[in-house]
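None of the figures in this text is laboratory data; all of them are computed from the coordinates on show. The structure displayed is predicted, hence computed values, not measured ones. Neighbour counts run over all protein chains shown; Cβ positions are idealised from the backbone, glycine included.
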Amino acid sequence: MVPALAALPLAGLLLFYAWPLGTLLARVLRPASVSDVLGSPGLGRVLWFTAWQALVSTAATLAIGFAPAYVLARYRFPGRRLTLAIVTVPFMLPTVVVGAAFLALLPDRLHDTAFAVVIAHVFFNVAVMVRLVGAMWAVIPTDLTAAARTLGASPVQVLRHVVLPLMRPALWAAASVVFLFTFTSFGVVKLLGGPANTTLEVEIARRATTLGDIDGAAVLSVLQVVVLGAVVWWSARWQRRAATAFAGGRTQRRARSRSERRWVPAVVVFTLAAMLAPIGAMVARSFRPGDRWSLTAWRTLGADEIRPGISLGVDPLASLLVSLRYAMVAMVISAVVGGLAALAIGAARRHGRLLDVGLMLPLGTSAVTIGLGMLITFDTDPVDWRAEWWLVPLGHALVAIPFVVRSVVPVLRAIPADQRAAATTLGASPLRAWYEVEVRRTWRPLAAGAGFAAAISLGEFGATTFLTRAGRDSMPIAIDHLLGRTGDVPRAQAFALAVVLFALTSAIIAVADREEVLDARGS
Amino acid sequence: MNRWIAVTMTATAVAMTGLVSCGSDGGSAAGPVNLTLVAYDSFPKEGTPLNDALDAFAADTGIAVDVVTAGDTGTMVSKAVLTAGNPEGDVMWGVDNTLLSAAQDGEIFEGDPTQVDFGDVCVNYDIDWFVDNGIEPPSTLDDLTRPEYANLLVVQDPSTSSPGLAFLLATVAKYGDDGWQQYWTDLTANGVTVVDSWETAYYEQFSGAGGSAGTKPLVVSYASSPPAEVVFADPPVDTAPTGVANATCFRQLEYAGVLRGTDHPDAAAQLVQFLASEPFQKELPLTLFVYPVDPNVVLPEVFTKFAAVPTDPFTMESDRIDANRRQWQEQWAEIVQR
């Protein structure tokens with residue numbers, strides 16, 4: 001069963017990740033460039049900054065995201081779904097836009113500092129905490145904590161001795177994803193870190209695109225994959241070892257006690273305020289092309305011409321459709337491949353880790369390297385695919401699959417082994433038992449993971465820009481295109497388009513979450 | 001219900017494998033020729049007068065042109081070098097003189113590419129700021145190191161930004177191989193601000209852009225930025241809010257050429273010829289904000305009114321740029337970032 005489940009994910013990984021990467025390395029990697037790059041004087045500084053900002057960002061995200069993750073997983077309150085959507089949205093907006101809004105909000109003396117980078121990373125990645133840790137939290141039975149409380153444990157003791165140990169796999173999963181994201185951070189570091197603070201990813205892109213030094217970029221890319229592969233391997237071990245099994249059930253309730261009624265809304269309000277501030281700045285900018293308020297940007301957003309004879313070549317409606325199409329395809333691929341992979345990892349117990357770590361690797365590989373690898377691999381029949389439109393959503397799926405896997409696997413691992421034995425004893429065939437006990441339980445985290453995948457695709461910018469594209473551009477690319485022009489109106493239009501993207505992604509997330517909630521109630 | 005989802009999932013998986021295995025459709029049509037024009041990201045793919053001109057070309061010649069974009073100019077050239085001989089398209093638009101030599105070393109073109117446009121990278125100034133403060137705006141590179149312009153200038157990192165590189169090249173052209181380092185030491189001492197990209201410099205730091213919260217009245221941008229400020233101003237304005245320091249400019253030339261390995265070399269050559277001809281060239285100023293290479297093309301009024309073409313911009317041989325770019329970028333980083 002495991003080989004059957006793992007076949008498609010494994011084939012996809014080999015075909016669309018390992019093969020292009022291997023081709024590129026075989027083509028450009030020379031011993032001389034390896035020693036040249038590894039011996040270059042600035043490398044130590046870049047590695048050091050990359051590693052410590054990632055560690056600090058991860059720790060800060062875990063600490064700050066804890067409260068919102070808990071509240072959103074455990075409490076029912078009006079507007080919960082909307083809050084969940086809004087918390088997720090920054091994650092999928094293009095960094096260029098949120099980064100620009102962030103720049104406007106941060107005081108001047110924080111510009112170009114590592115602190116600004118960490119703050120922005122927390123802002124972007126709280127979504128990972130809420131999604132991955134929240135998915136786990138939502139299945140920890142309430143009677144467990146209630147029992148501990150009855151036996152006299154204080155809420156802090158319950159957290160420390162009951163909840164945290166159970167949460168550990170999900171916490172490790174979230175931490176490794178956030179670490180990967182911040183380690184490979186590109187847009188945020190470029191925009192907010194200033195020229196002195198450079199990550200490995202920025203250095204790779206710089207070498208490949210502005211210096212024409214593709215072999216140098218490839219060497220650094222390998223270095224990054226090796227470092228991150230080791231980290232992921234190590235953390236995957238912890239996720240397994242710490243996994244605890246228990247049965248699911250309904251876990252959300254309203255805030256009841258007086259203190260709950262005070263701090264639950266406080267957490268929600270604070271989280272919303274922090275998330276919406278940069279988005280508010282974004283909205284404001286769309287209504288302020290020049291020095292005063294105006295609707296021009298919105299009015300001319302879909303117009304053929306901004307002034308007689310002048311058009312920008314950006315069609316918001318067409319971009320919207322392009323983005324939606326990419327998102328749909330990326331979501332289907334991620335859900336199918338990620339779902340199968342998660343079941344395989346869950347069933348394989350020991351060797352699952354290999355697939356798990358393998359699927360994480362694309363997340364830690366520089367988008368430039370994958371893009372260039374695909375370019376020179378898929379260039380002759382029968383694999384002359386480099387001009388195919390679906391290569392873009394496929395690239396998005398490569399990045400999104402680990403999220404689907406991370407959403408599903410912890411839930412699978414939490415299923416007690418004896419449940420399947422019980423089902424078999426009661427007369428179910430092994431396949432039936434597996435289906436009833438494990439597969440059925442993956443729908444809910446799978447829906448959440450798929451929604452997340454669609455969101456990632458909607459906002460994806462880095463990989464997309466390295467692939468050659470025909471026809472209309474997706475929304476993030478169109479936004480970037482507008483941001484890069486001189487003049488009030490294109491600038492404000494970029495923010496208007498970003499507001500549209502924000503509204504759209506919030507809606508999609510809200511719908512995906514509704515499915516999740518309905519399913520949870522039905523089962 | 002859930003069983004159906006499982007069935008759908010499996011079906012989709014199978015369908016996807018099918019999609020992957022029979023994805024490409026060959027597309028070598030006889031009859032009218034379809035060409036692919038590879039360009040940098042800011043080249044519009046549909047819906048502008050430039051694209052209308054290409055449609056007119058297709059109607060006249062039977063040569064249809066699809067535009068594909070391949071990243072910024074640096075990315076585009078890197079990709080072209082990797083795929084030299086088996087290119088992604090038939091014609092490439094927009095290799096500039098800072099990358100031309102690298103492109104030619106990579107043997108991406110069939111024959112020599114043709115120059116199609118030019119533009120200048122210059123220090124722009126916020127007119128109002130200098131009026132309000134009773135200071136003359138600077139006009140030369142030397143001016144920028146003088147005390148009255150201390151802490152006023154924002155530039156881009158030459159290793160991440162193309163105008164940033166052009167400005168560095170202007171200083172190398174002016175002060176020579178052994179003199180530019182001292183110039184940048186002085187500029188650093190005079191409080192120059194460095195950012196990663198043109199966007200950040202122009203919209204976050206520069207005070208002259210509409211609606212900007214920036215405080216620096218001097219920025220490295222383009223000679224065509226003032227007319228763009230007029231064209232896209234809201235509400236409409238009669239005069240440009242920004243001006244150009246004429247003796248700080250570096251000239252960027254852009255080229256188009258037939259990509260080596262094309263299946264349609266004749267049609268591709270015809271397209272390159274068209275790109276350099278009047279019907280296409282006259283649409284360049286208001287679409288890409290660059291100057292047509294053909295001096296007979298009539299410029300739009302905003303360009304003649306608000307954009308002065310610098311009379312004596314700095315220039316540099318493409319070979320020299322290519323041979324030294326990396327070393328200069330590294331030296332620059334040491335000077336500016338200490």
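Apply the membrane-span-like helix rule to chain A: whole DSSP H runs, Cα extent along the own long axis of at least 18 Å, mean Kyte-Doolittle hydropathy at least 0.0. List the helices found.
Span-like helices, by this rule, are A:43-74, A:80-92, A:114-128, A:164-183, A:214-241, A:258-286, A:316-348, A:352-364, A:391-413, A:440-459, A:488-522.
For chain B, what's the relative contact order in percent, using C-alpha pairs closer than 8 Å and at least 6 residues apart?
Dividing the mean separation by the residue count of chain B yields 24 percent.
So what is the relative contact order for chain A, in percent, with contacts set as C-alpha pairs under 8 Å and at least six apart?
24
Report Rg (one decimal) and Dmax (nearest whole number) for chain A, counting Cα atoms only, units Å.
23.3, 77
Roughly what would the spin-label model give for B:Thr304 and A:Arg299, points 7 Å off Cα along C-beta, in nm?
Result: 3.0 nm between the two label points.
I need the calculated FRET efficiency for the pair A:Ala284 and A:Val383, taking r as the beta carbon distance and R₀ as 45 Å, to the nearest 0.05.
FRET efficiency, A:Ala284 to A:Val383: 0.40.
Under a crude label model (7 Å from the Cα following the beta-carbon direction), how far is A:Ala63 from B:Glu330 in nanometres?
Result for the modelled spin labels: 3.9 nm.
Stick to the Cα atoms of segment A:367-523, pair each with every other, and give me the Kirkwood hydrodynamic radius in Å at one decimal.
18.8
Between B:Thr114 and A:Arg254, how high is the FRET efficiency from 1/(1 + (r/R0)^6) when r is the Cβ-Cβ distance and R₀ = 60 Å? Nearest 0.05.
0.25
Going by amide H atoms built from the backbone, whose H comes under 5 Å of the H on B:Val244, apart from near neighbours?
Amide H neighbours of B:Val244: B:Tyr125.
Using only the alpha-carbon atoms, how far is helix B:180-189 inclined from the longest principal axis of chain B? Give it as 0 to 90 degrees, nearest 10.
Orientation of helix B:180-189: about 70 degrees from the principal axis.
Size of the dipole of segment B:31-128 about the Cα centre, Lys and Arg at +1 and Asp and Glu at -1 on the beta carbon, nothing else charged, in debye to 20?
300
Using a simple spin-label model with points 7 Å from Cα along the Cα→Cβ vector, what separation in nm is obtained for A:Ser40 and A:Val227?
1.4
Could you grab the relative contact order for segment B:213-338? Cα pairs under 8 Å, six or more apart, rounded to a whole percent.
Dividing the mean separation by the residue count of segment B:213-338 yields 30 percent.
Is there a pair in B:Lys45/B:Lys216; B:Lys216/B:Lys305; B:Lys174/B:Lys216; A:Lys190/B:Lys79 whose C-alpha atoms are over 30 Å apart, and which pairs would that be?
B:Lys45/B:Lys216
Hey, what's the Cα Rg ratio for segment B:228-281 versus the globular rule of thumb, 2.2 N^0.38 Å?
1.86
Among B:Asn324, B:Phe280, B:Tyr222, which residue has its Cα furthest toward the positive end of the charge dipole of segment B:209-338, with +1 on Lys/Arg Cβ and -1 on Asp/Glu Cβ?
Positive-end residue among those listed: B:Asn324.
For segment B:231-269 and segment B:281-338, write down the distance between their C-alpha centroids in whole Å.
8
Kindly put A:Met475, A:Met328, A:Met282 in sequence by how many other C-beta atoms sit within 10 Å of each C-beta, fewest to most.
Least crowded to most crowded, the residues run A:Met328, A:Met282, A:Met475.
Round to the nearest 0.05 the FRET efficiency obtained for A:Leu159 and A:Arg237 when R0 = 22 Å and r is the Cβ-Cβ distance.
Efficiency for this residue pair is about 0.35.
Measure out, as a whole number of angstrom, how far apart the alpha-carbon centroids of segment A:455-471 and segment A:11-49 sit.
Computed from Cα coordinates, the inter-centre distance equals 22 Å.
Per the Kirkwood definition applied to all pairs of different Cα atoms, how many angstroms is the hydrodynamic radius of segment A:367-417?
Kirkwood hydrodynamic radius for segment A:367-417: 13.1 Å.
Sort out for me the Cα centre separation of segment A:117-155 from segment A:67-107, rounded to whole Å.
Cα centres, segment A:117-155 to segment A:67-107: 17 Å.
For B:Asp66, enumerate residues with amide H under 5 Å from its amide H, sequence gap 5+ or separate chain, H modeled in the peptide plane.
Amide H neighbours of B:Asp66, under 5 Å, 5+ apart: B:Leu35, B:Thr36, B:Leu37.
What's the average, rounded to a whole number, of partner chain beta-carbon atoms within 10 Å of each residue's beta-carbon in A:329-335?
Neighbouring Cβ atoms belonging to other protein chains average 2 per residue here.
Going 7 Å from the Cα of B:Ala323 in the Cα-to-Cβ direction, what parts of segment B:154-173 have a backbone nitrogen less than 20 Å from that spot?
B:166, B:168-173
Arrange the following residues from fewest to most other Cβ atoms within 10 Å of their Cβ: A:Ser176, A:Ser154.
Result, fewest neighbours first: A:Ser154, A:Ser176.
List residues of segment A:427-455, by number, whose backbone nitrogen lies under 20 Å from a label position 7 Å along Cα→C-beta of A:His351.
A:431
Provide A:Tyr326, B:Tyr149 in ascending order of the number of other Cβ atoms located within 10 Å of each residue's Cβ, fewest first.
B:Tyr149, A:Tyr326
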